[in-house]
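Novice: Can you read through this structure? Questions will come right after.
The values are calculated or read from the model by the stated rules, or taken from the named source; none is laboratory data. Just so it is clear, the model here is predicted, and its values are computed rather than measured. Because the Cβ atoms are built from the backbone with ideal geometry, glycine has one as well, and the counts that use them run over all protein chains shown.
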Amino acid sequence: MISMRQHVISLAAVLLALGVGIVLGSTSLSERLLSHVGEERDSLSNQVDELGAERTALRDELDGANRFSAATAPMTVRGSLADRGVVLFSTWDVSEQDRAGMRRLIEESGAEVTGEVQLDRAIAEPDRADQARKLVTRLLPAGVQLPTATDVGTLTGGLLGPLTLLDQGAGAPQVSPEERAAALTGLSEGGFATVVGEVRAAPLALVMTGGDQAGPGAEPGAADRAAFLARFASQLDRSGGGAVLAGARGSADGDGAVGVARADRAVSSALSTVDNADSPQGRVAAVLALREQLDHRAGHYGTASSAQGAVPGVRD
């Protein structure tokens, strides 16, 4: 018969063995787990290094492509707009570098930039809409009729189109130089535009805009500004020999200005758009799109999924 002492000793031995087993087991498990985590860490680290190298290679490739495009751009567009005139409009979010680059390429095509008008952000702000409408109506030269629409984008295009563009049929200015100067001065004094030097009427208009876009995380009023620019450019297109809306990368995403224009069939059937005008390739596309406008054709170019191709003549 087992005594109480033997029973206690046996139970203690069992518990000790169980404790030792647990310690040894957990140590082995921890070692295997730590070893597996270490292997995973090394694998992920290698993947990060590989992706970093791939990103650097792609960036170098893109930089090389941009340098090549910049070097060949003048030859690509040369003579395409010979002896033509272009009025260059730009918005508040276009850099001076992009604006100057576009102007140089237009001139390389043989065209003359007959004037520059920089739109101030205030003209597209909803809380300034009533003020803008009243000013546009007051500045309208005699004999010029505004569109029946009430949105500020269309009305502003209805004023600046006849002011800056030649009549498509007659090929003549639609207002006198004095009327043009007075109206542009009024817009400038109202805080809605900045006029760079003298502006003379031309058959074509190019509207440059940045990447200001609507959607989640966008600045308040971004959708209104995008809609303003799409309607403004569309009305310019109706007022003269043609127009192109050229936005920076991102302008076709979400509810950006180029995206809004492309989504509206009534606009996109006549107005040409470019969604990467902040790149050498995009500037080439914009100039060649102006050439297409002279031939009464419209297209949509760039890198966004809604583009028909990279440049005119090369469509997907």
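Novice: For the stretch 242-256, check the following and say yes or no: at least one residue is buried (at least 21 other Cβ atoms within 10 Å of the Cβ) and farther than 23 Å from residue 222 by Cα. Give the derivation first.
Specialist: Here is the first cut: in the stretch 242-256, the residues buried (at least 21 other Cβ atoms within 10 Å of the Cβ) are 242-248, 251-252, 256.
Keeping just the survivors that are farther than 23 Å from residue 222 by Cα gives 242.
Yes, the stretch 242-256 contains a residue that is buried (at least 21 other Cβ atoms within 10 Å of the Cβ) and farther than 23 Å from residue 222 by Cα.
Novice: Do the conditions hold for residue 259, that is, is it surrounded by 19 or more Cβ atoms within 10 Å (Cβ to Cβ), over 16 Å from the mean Cα position of the chain (by Cα) and not hydrophobic (A, V, I, L, M, F, W, C)?
Specialist: Values: surrounded by 19 or more Cβ atoms within 10 Å (Cβ to Cβ): yes; over 16 Å from the mean Cα position of the chain (by Cα): no; not hydrophobic (A, V, I, L, M, F, W, C): yes.
Here the answer is no, as residue 259 does not meet what is asked.
Novice: Filter the stretch 221-241 for residues that are surrounded by fewer than 24 Cβ atoms within 10 Å (Cβ to Cβ) and more than 24 Å from residue 168 (Cα to Cα) and give the result.
Specialist: Hits for the stretch 221-241 are 221, 222, 223, 224, 227.
Novice: Let me spell it out: the conditions are (1) without any contact (Cβ under 8 Å) to a residue 60 or more places away in the chain; (2) in a helix (DSSP H, G or I), and residue 153 meets all of them except one. Which number is the exception?
Specialist: Only one criterion in (1) without any contact (Cβ under 8 Å) to a residue 60 or more places away in the chain; (2) in a helix (DSSP H, G or I) is unmet by residue 153, namely (1).
Novice: Which condition from (1) exposed (fewer than 14 other Cβ atoms within 10 Å of the Cβ); (2) at pLDDT 95 or above; (3) touching a helix residue (DSSP H, G or I) at 6+ places or on another chain (Cβ under 8 Å) is the one that residue 150 breaks?
Specialist: The failed condition is (2).
Novice: Hey, another quick one. Of all residues in the stretch 288-297, count the ones that are more than 20 Å from residue 105 (Cα to Cα) and aliphatic (A, V, I, L, M).
Specialist: Result for the stretch 288-297: 0.
Novice: All but one of (1) within 29 Å of the chain's Cα centre (by Cα); (2) assigned to a helix (DSSP H, G or I); (3) under 18 Å from residue 239 (Cβ atoms) hold for residue 188, so report the exception by its number.
Specialist: So the condition that residue 188 fails would be (3).
Novice: Within the stretch 87-108, does at least one residue satisfy the condition of being assigned to a helix (DSSP H, G or I), polar (S, T, N, Q) and more than 20 Å from the chain's Cα centre (by Cα)? Show your work before the answer.
Specialist: Step one: list which residues in the stretch 87-108 are assigned to a helix (DSSP H, G or I), which gives 96-108.
If we keep only those that are polar (S, T, N, Q) as well, we get 97.
Within this subset, residues satisfying the condition of being more than 20 Å from the chain's Cα centre (by Cα) are none.
Within the stretch 87-108, not a single residue is assigned to a helix (DSSP H, G or I), polar (S, T, N, Q) and more than 20 Å from the chain's Cα centre (by Cα).
Novice: Got at least one residue in the stretch 163-186 being among the charged types (D, E, K, R), in contact with a Pro (Cβ under 6 Å, 6 or more places away or on another chain) and under 16 Å from residue 93 (Cα atoms)? Give the steps one after another, and end with the answer.
Specialist: Quick first cut of the stretch 163-186, residues among the charged types (D, E, K, R) only: 167, 178-180.
From what's left, in contact with a Pro (Cβ under 6 Å, 6 or more places away or on another chain): 179.
When the remaining residues are screened for being under 16 Å from residue 93 (Cα atoms), the result is none.
No: the stretch 163-186 contains no residue that is among the charged types (D, E, K, R), in contact with a Pro (Cβ under 6 Å, 6 or more places away or on another chain) and under 16 Å from residue 93 (Cα atoms).
Novice: In the stretch 277-296, what count of residues is obtained for those that are in contact with a strand residue (DSSP E or B) (Cβ under 8 Å, 6 or more places away or on another chain) and in a loop (DSSP other than H, G, I, E, B)?
Specialist: Result for the stretch 277-296: 1.
Novice: Taking the stretch 92-117 only, how many residues are of a type in the set (S, T, N, Q) and closer than 24 Å to residue 177 by Cα?
Specialist: In the first step, residues of the stretch 92-117 are kept if they are of a type in the set (S, T, N, Q); the result is 95, 97, 109, 114.
In the following step, the residues that additionally are closer than 24 Å to residue 177 by Cα were identified as 114.
Going through the stretch 92-117 one residue at a time, the tally reaches 1.
Novice: Could you please find all residues in the stretch 241-282 being under 14 Å from residue 225 (Cβ atoms) and hydroxyl-bearing (Ser, Thr, Tyr)?
Specialist: Matches in the stretch 241-282: 251 only.
Novice: Which residue, of 118, 131, is crowded, with 16+ Cβ neighbours inside 10 Å, touching a residue at least 12 places away in the same chain (Cβ under 8 Å), over 22 Å from residue 204 (Cα atoms) and of a type in the set (S, T, N, Q)?
Specialist: On the way: 118 fails: over 22 Å from residue 204 (Cα atoms).
Just one listed residue meets the conditions, 131.
Novice: Return only the number of the condition from (1) touching a Ser or Thr at 6+ places or on another chain (Cβ under 9 Å); (2) β-branched (Val, Ile, Thr); (3) over 14 Å from residue 235 (Cβ atoms) that residue 137 does not satisfy.
Specialist: With (1) touching a Ser or Thr at 6+ places or on another chain (Cβ under 9 Å); (2) β-branched (Val, Ile, Thr); (3) over 14 Å from residue 235 (Cβ atoms) applied to residue 137, the lone miss is (1).
Novice: Look through 144, 117, 136 and report the one residue that is out of contact with any Phe, Trp or Tyr (no Cβ under 8 Å at 6 or more places or on another chain), outside any loop (DSSP other than H, G, I, E, B) and of a type in the set (Val, Ile, Thr). It would help to see each step written out before you state the result.
Specialist: Working: 144 fails: outside any loop (DSSP other than H, G, I, E, B); 117 fails: out of contact with any Phe, Trp or Tyr (no Cβ under 8 Å at 6 or more places or on another chain).
Just one listed residue meets the conditions, 136.
Novice: Hey, among the residues in the stretch 199-230 that are at pLDDT 95 or above and part of a loop (DSSP other than H, G, I, E, B), which one's farthest from residue 183 (Cα to Cα)?
Specialist: Here the answer is 203.
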